[in-house]
Amino acid sequence: MAGVTEGRRPRRDEVRARVLEAAAEVVAERGLAGASLDQVAAAAGFTKGAVYSNFASKDELFLALLEEHSARRIAAVERALDRARDVPEALAAVAAELGRPDAGTQLLLVEFWQRAVRDPEVRAPFVGTRRALRARVADAAAAFLAAHPARDGDGRPWDPAELAVVLVALANGLALEALPDPEAVPEGVVDRVLRTLVAHDRAHHPGSGQ
């Protein structure tokens, strides 16, 4: 793990970044239930107090880790959409990102999901982070759909929020299937599904070039 310049007290943002990096290592090795703040502090090279100065609890720390990992994926999707010149190119780029393996994030998501279903105190912050993630996906979808309209199988324009739910659910569902059995998800299946979702728009607008 990268440290800071010797003899210099690390800034708060540096401490937070190192704690999150250490948390990812610990949870990957031990799982959410088996991970502790003591282990995270040791892996980061800090005291437990340094961890608590940034995160009030273990749940807050690992939820922040999940948010950070998810945000990276969404940022990659946003960049792909910004570069896309048409719908097929956008779908291919998004499919490539959604199909990229990320076992650590997926395992953390599953463990939090299990706890959130059973524990109302965990559910509220977990649901909040998931809503924020879907909202960001919806914003990216809305910006893209404004320039490249797409319709569903019934000929209705896609609602960005609905499309966001579909994209997130598709990514998570396929990732779950692939975790224990990578061969379960055929190569290119995400691209084919996404193309099917928006193919109806091209059928109704053959001269659109989409």
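Structure notes:
- Within segment 1-23, being among the hydrophobic types (A, V, I, L, M, F, W, C) and modelled with pLDDT of 90 or more holds for Val15, Ala17, Val19, Leu20, Ala22, Ala23.
- Single condition Asp154 does not satisfy, out of (1) modelled with pLDDT of 85 or more; (2) assigned to a loop (DSSP other than H, G, I, E, B); (3) of a type in the set (Asp, Glu): (1)
- Every residue from segment 21-38 that is among the hydrophobic types (A, V, I, L, M, F, W, C) and either part of a helix (DSSP H, G or I) or assigned by TED's automatic domain parsing to the domain that holds Glu111 (or both): Ala22, Ala23, Ala24, Val26, Val27, Ala28, Leu32, Ala33, Leu37
- Search result, residues across segment 52-66 that are in a helix (DSSP H, G or I) and closer than 22 Å to Leu107 by Cα: Lys58, Asp59, Glu60, Leu61, Phe62, Leu63, Ala64, Leu65, Leu66
- Within segment 39-51, the set of residues being surrounded by 17 or more Cβ atoms within 10 Å (Cβ to Cβ), outside any loop (DSSP other than H, G, I, E, B) and either in contact with a Gly (Cβ under 9 Å, 6 or more places away or on another chain) or not aliphatic (A, V, I, L, M) (or both) comprises Gln39, Ala41.
- Looking across segment 67-106 at every residue that is among the charged types (D, E, K, R) and in a loop (DSSP other than H, G, I, E, B), the one that is surrounded by the most Cβ atoms within 10 Å (Cβ to Cβ) is identified as Asp102.
- Selection status of Phe62, aromatic (Phe, Trp, Tyr), in contact (Cβ under 8 Å) with a residue 40 or more places away in the chain and under 25 Å from Leu133 (Cβ atoms): yes
- Filtered by the rule that a residue be farther than 23 Å from Ala71 by Cα and outside any loop (DSSP other than H, G, I, E, B), segment 157-183 gives Pro157, Pro182, Glu183.
The values are calculated or read from the model by the stated rules, or taken from the named source; none is laboratory data. Since we're looking at a predicted model, the values are computed, not measured. When we count neighbours, we look across all protein chains shown, and the Cβ atoms used for this are built from the backbone with ideal geometry, even at glycine.
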